[in-house]
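Please read the structure below before turning to the comments.
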Amino acid sequence: MKINKTLKTVLMSAFIIGTFTSCVKEDEWSTPEILCNNRFDAPTIEMADFAAKAPVLTGTNYSATTYKVPADGPAVIFDGYVVSSDENGNFYKTISFQDKRENPTIGMQIEIDKSSNYTDFPVGSHIRIKANGLVLGWDRSTLKIGSVDPTYAIGRIPSALLNRYLSGVCNGDNRMDVAPIVPTVLPNLLKALDAKYINTLVQVPNVQFDETLVSPTQKTYIEYIAGVGQDTDRTIVDKGNNSTVLRSSGFSTFGAQLLPKESGDLTFVVSKYNANWQMIIRSLNDVNFKNPRFLPGAPENPSASAVKLFNGADFENWTAFLSSVNSFGLKTYATQGVGLGYNGTNSLQIKGVPAANDYVFTSVAASGLPTSPKRITFYIKGTATGKSLSFNVYKASDDTKYYSFNLGTFKTGAILSSTAAQTNQYTGSIDTNGQWRLVQLTLSDLTDINITAGKNVFALKTGSSGVYDLQIDNITIE
């Protein structure tokens, strides 16, 4: 009798479950969408203005000095957009975010005592932070926000308390506002070494891993010791022979993958630890290397559209060249190299030992220069010991001011960008081994280049006490 009752109960349960299942459409069993509710009020401050409250980082003192946001004061709320992801193990208990999805002005990192943050805040998430009670500061060269901590200047926010401070922002459909981040495209790696890009997403074209990392042995993204992954720096270089490191965590899921031998576009979050720059990818999707390798520092030859930067810039007609030199004239150790130029033509010969950091010459622009110039190129052959060369390209807004380009040590070619400090430097030496080598001054990222005929456009400078024996030829712009 007891068995019969049990059997009836089982059969009845099966009937009920079967009936319920037959009445439900298949798609009704899918996971319901998580609705988004804006936890915080509208922003009360722009992220850049909030960041400005951080104590200024000075000198080599990298220990954080912080600003604590009053817990009981007026609400301090700002928005940001997530650019990092810990999905592949290359970020740990942090979220990097910037103030705009495109063309950001500031980036920041929030410390969180929680992993797998990408599931709640994927790349492109619009987030809102209520900072009351948190601390803000530059810690080891990185701008951070986090919790008060008895051990660390900027602590990790406990996961149980995270909802007090961080929330997603909803779109009109009550879902989290998530959209693609547009990386800031920079012309070279040198431009990425700027504090304004820290914790923002950038992309640099024409990048490759250093030759020693792919030949004769092709290395992996990280090193392993006794099978355990190690945090690893790998050198990356661009066409201008600028370099920095790509840092990968010992826990990265792609660590055992071989470094690509090719070149291409690299997307990364800019980071810095003390004085050391270290760029961080989110996944191998950030490494788009499909082009052949290049020789760093070797520019492409001038195109058919290149024109002389100033009258006599090919030094064939010495009188024409002298007519383009401004009132400061030409140094006596600079003469016409008859028959010593590129392909047996004439050149500018610099032979001597300058007694000071000299302007060898400053020339005024020729007529008909391109309205949006991308680069200046010229050829160099010979030697310089003790000092190198520096070049000035003058500004349209004021042709007494200029962008400076420093050649440094020069052997096989150079692609130069203007120095951030805008100062002439002469360190290095020159030895082209008897060959003509090409120099490029990159202008594509500059917006104030003079192209007006008759105004200062270009100057060549030598360093004091350097021993120069050089030929220079065919200074063109395109």
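Check Gly133 against each of (1) within 26 Å of the chain's Cα centre (by Cα); (2) assigned to a loop (DSSP other than H, G, I, E, B); (3) buried (at least 18 other Cβ atoms within 10 Å of the Cβ) and name the one condition it does not meet.
Condition (1) is where Gly133 drops out.
Any residue that is part of a loop (DSSP other than H, G, I, E, B), under 21 Å from Asn276 (Cα atoms) and at pLDDT 95 or above - is there at least one of those in the range 233-246?
no
Mind listing whichever residues of the range 432-467 are part of a strand (DSSP E or B), out of contact with any Phe, Trp or Tyr (no Cβ under 8 Å at 6 or more places or on another chain) and closer than 23 Å to Thr345 by Cα?
Gln440
On the basis of being in contact (Cβ under 8 Å) with a residue 24 or more places away in the chain and not assigned by TED's automatic domain parsing to the domain that holds Leu189, does Asp431 make the cut?
Here the answer is yes, as Asp431 does meet what is asked.
Checking Ala42 against (1) outside any loop (DSSP other than H, G, I, E, B); (2) modelled with pLDDT of 50 or more: exactly one of these is not met. Which one?
(1)
Looking for whichever is farther than 19 Å from Ala459 by Cα, in contact with a Lys or Arg (Cβ under 8 Å, 6 or more places away or on another chain) and either modelled with pLDDT of 95 or more or buried (at least 21 other Cβ atoms within 10 Å of the Cβ) (or both) here; the options are Gly297, Gly344. Which one fits? Let's see the steps before the verdict.
Numbers: Gly344 fails: in contact with a Lys or Arg (Cβ under 8 Å, 6 or more places away or on another chain).
Just a single option satisfies the conditions, and that option is Gly297.
Residues of the range 247-263 being among the aliphatic types (A, V, I, L, M), within 13 Å of Val214 (Cβ to Cβ) and part of a loop (DSSP other than H, G, I, E, B), which ones?
Leu259
Can you tell which of Val123, Val207, Val202 is of a type in the set (Val, Ile, Thr), assigned to a strand (DSSP E or B), in contact with a Ser or Thr (Cβ under 6 Å, 6 or more places away or on another chain) and surrounded by 14 or more Cβ atoms within 10 Å (Cβ to Cβ)?
Details: Val123 fails: assigned to a strand (DSSP E or B); Val207 fails: in contact with a Ser or Thr (Cβ under 6 Å, 6 or more places away or on another chain).
Testing whether each residue is of a type in the set (Val, Ile, Thr), assigned to a strand (DSSP E or B), in contact with a Ser or Thr (Cβ under 6 Å, 6 or more places away or on another chain) and surrounded by 14 or more Cβ atoms within 10 Å (Cβ to Cβ) leaves just Val202.
Tell me which strands (runs of 3 or more DSSP E) are completely within the range 327-421 and hold 2 or more residues being under 36 Å from the mean Cα position of the chain (by Cα), among the β-branched types (Val, Ile, Thr) and more than 25 Å from Ser305 (Cα to Cα), or say none if there are none.
Numbers: elements: 334-337, 347-352, 358-364, 375-385, 389-394, 402-406, 414-416.
Of the strands (runs of 3 or more DSSP E) lying wholly inside the range 327-421, those with at least 2 residues that are under 36 Å from the mean Cα position of the chain (by Cα), among the β-branched types (Val, Ile, Thr) and more than 25 Å from Ser305 (Cα to Cα) span 375-385.
Scan the range 156-171 for residues that are buried (at least 17 other Cβ atoms within 10 Å of the Cβ) and assigned to a strand (DSSP E or B) and jot them down.
Answer for the range 156-171, where residues must be buried (at least 17 other Cβ atoms within 10 Å of the Cβ) and assigned to a strand (DSSP E or B): Ile157, Leu166, Ser167, Gly168, Cys170.
Give the residues of the range 276-311 that are touching a residue at least 24 places away in the same chain (Cβ under 8 Å) and of a type in the set (S, T, N, Q), sorted by residue number.
Those that are touching a residue at least 24 places away in the same chain (Cβ under 8 Å) and of a type in the set (S, T, N, Q): Asn276, Gln278, Ser283, Asn288, Asn291, Asn301, Ser303, Ser305, Asn311.
The values are calculated or read from the model by the stated rules, or taken from the named source; none is laboratory data. On a predicted model such as this, the values are computed, not experimentally measured, just so you know. Reconstructed Cβ throughout: ideal geometry from the backbone, glycine too, with neighbour counts over all protein chains shown.
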